[in-house]
1. Test of understanding: among Val158, Val114, which residue is of a type in the set (Val, Ile, Thr) and either outside the structural domain of Gly187 (by TED's automatic domain parsing) or crowded, with 20+ Cβ neighbours inside 10 Å (or both)?
2. In region 51-98, how many residues are small (Gly, Ala, Ser) and either closer than 12 Å to Ala138 by Cβ or touching a residue at least 40 places away in the same chain (Cβ under 8 Å) (or both)?
3. Name the pairs: first residue in region 277-302 and among the β-branched types (Val, Ile, Thr), second residue surrounded by fewer than 13 Cβ atoms within 10 Å (Cβ to Cβ) and part of a helix (DSSP H, G or I), Cβ to Cβ under 8 Å, at least 6 apart or on different chains?
4. His152: under 27 Å from the mean Cα position of the chain (by Cα) and either hydroxyl-bearing (Ser, Thr, Tyr) or more than 15 Å from Ile219 (Cβ to Cβ) (or both), yes or no?
5. Does region 24-65 hold any residues that are acidic (Asp, Glu) and exposed (fewer than 13 other Cβ atoms within 10 Å of the Cβ), and which are they?
6. Here are Glu294, Glu279, Glu319: which of them is within 30 Å of Gln118 (Cβ to Cβ), acidic (Asp, Glu) and either surrounded by 10 or more Cβ atoms within 10 Å (Cβ to Cβ) or touching an Asp or Glu at 6+ places or on another chain (Cβ under 7 Å) (or both)?
7. Taking the condition more than 20 Å from the chain's Cα centre (by Cα) and closer than 29 Å to Asn160 by Cα, does Asn30 pass?
8. Please specify each residue of region 53-76 satisfying the condition of being in contact with a strand residue (DSSP E or B) (Cβ under 7 Å, 6 or more places away or on another chain) and assigned to a loop (DSSP other than H, G, I, E, B).
Amino acid sequence: MNKLNEKFGDSFFKNHFGKNYLYKPNFIENFENIMSLDILDEMLSKTNIWNNHNFIMMLDQKKINYSHYSSPSLDTDGQNYRPDVNKVQNLVSRGASIILNDIQKHNLNLLKFVDELQKLTNGRCQGNLYFSMASHQAFGPHFDLHDVFAIHFEGEKVWNIYENIEKSPINHPVFKLSEDERRKRAGKIIEQVTLKPGDLLYIPRGQYHDALASQNGAIHIAFGLTYIKSIDVMTSLWQNLILNEFMRSDIKVNPNKDDLQSLLKKLSSELTNIINSKEALEIVTNAIHNWKYEMQAYSIKNVVFEGTTYQIDNSIKFETKENKPYLTSPKGSVQIPDKFKNLIAFILKQETINERNLRNQFKEISKDIIKECLESLKNMNVIK
């Protein structure tokens, strides 16, 4: 799951991104190594990572109360309610769907994919896994508040794309429609796509759609992509509004047209000054910069491979006297062997160093000499 830019191509960003849905069969290879029923079972068995926020169950478009599929569990941090394997599997056998939110937090391959998608699009991304049984639908026709990149991993699922799109929906009561309202506003089905393992379906924000598994055990992961909005920018400037004396002042005007127009003119002027200030630019810059999720994966293996990293005492210098190499410090000088000369001259120019760096830099010098040099510098407290 890499080289996304090549997989999507320029035409995607020109003709589809934020505009039109796109079906791309065989989008990823080796999908069975990323997510499968076996991998899902393994993840679900890590019961202490699941709770009522990231483990959701639905049955025929109705959310199941968490208490119906959880039980008290004694964890290291005390008693918590965790999904109960027998209750969950019983509900699944009756057709229930499982939704796992923020699945990238528990799968390194998915974490890397989310990180790459964020870098490619400059948006904020998270992945939610959907497990479905045949002929049981978790959601009817609906739209999302974000762009959706749905990648299929197991079984098959039929997706319906409807003709209508809600323009720039946000998380606000005005966009919280009833099921009947959504069905009416969705319009007619304009495309029907059957997703198979490895396929991708892109659905822009606001596009009405629904999906129904045609085989038991269908799994797809929906990667949701969101962006900071102008209304978020105004929210981030709230502190500046509070500090503005006019914004805090009472409105003591007669409710006539002239007075109200004068008030609005003054309000517009103050808002313009706030928005055009250096402080506002800094606030908005930070808000946009911090919008994306930090996707950092551990790499202990690399740390082990690179070896111990040493800090270097920058008060010690490398000098040559009468063609002989020396280490000098405020306390005096000490001659060093010629076999260490190039190594130490390089080391003292760095802030930190490790054995792997030195091996890459000095391929002609044996590992034993590099280790001996580092050991000598440690004994002299040149590196710590």
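The values are calculated or read from the model by the stated rules, or taken from the named source; none is laboratory data. No experiment lies behind these values; they were computed from the predicted model shown. Here Cβ is always computed from backbone atoms with ideal geometry, including for glycine, and neighbour counts include all displayed protein chains.
1. So the residue among Val158, Val114 that is of a type in the set (Val, Ile, Thr) and either outside the structural domain of Gly187 (by TED's automatic domain parsing) or crowded, with 20+ Cβ neighbours inside 10 Å (or both) is Val114.
2. Total satisfying the criteria: 3.
3. Pairs that qualify, where the first residue is among the β-branched types (Val, Ile, Thr) and the partner is surrounded by fewer than 13 Cβ atoms within 10 Å (Cβ to Cβ) and part of a helix (DSSP H, G or I), are Ile283/Gln239.
4. So His152 fails the test.
5. Of everything in region 24-65, those that are acidic (Asp, Glu) and exposed (fewer than 13 other Cβ atoms within 10 Å of the Cβ) turn out to be Glu29, Asp38, Asp41, Glu42.
6. Residue meeting the stated conditions: Glu279.
7. yes
8. Asn54, Ile64, Tyr69
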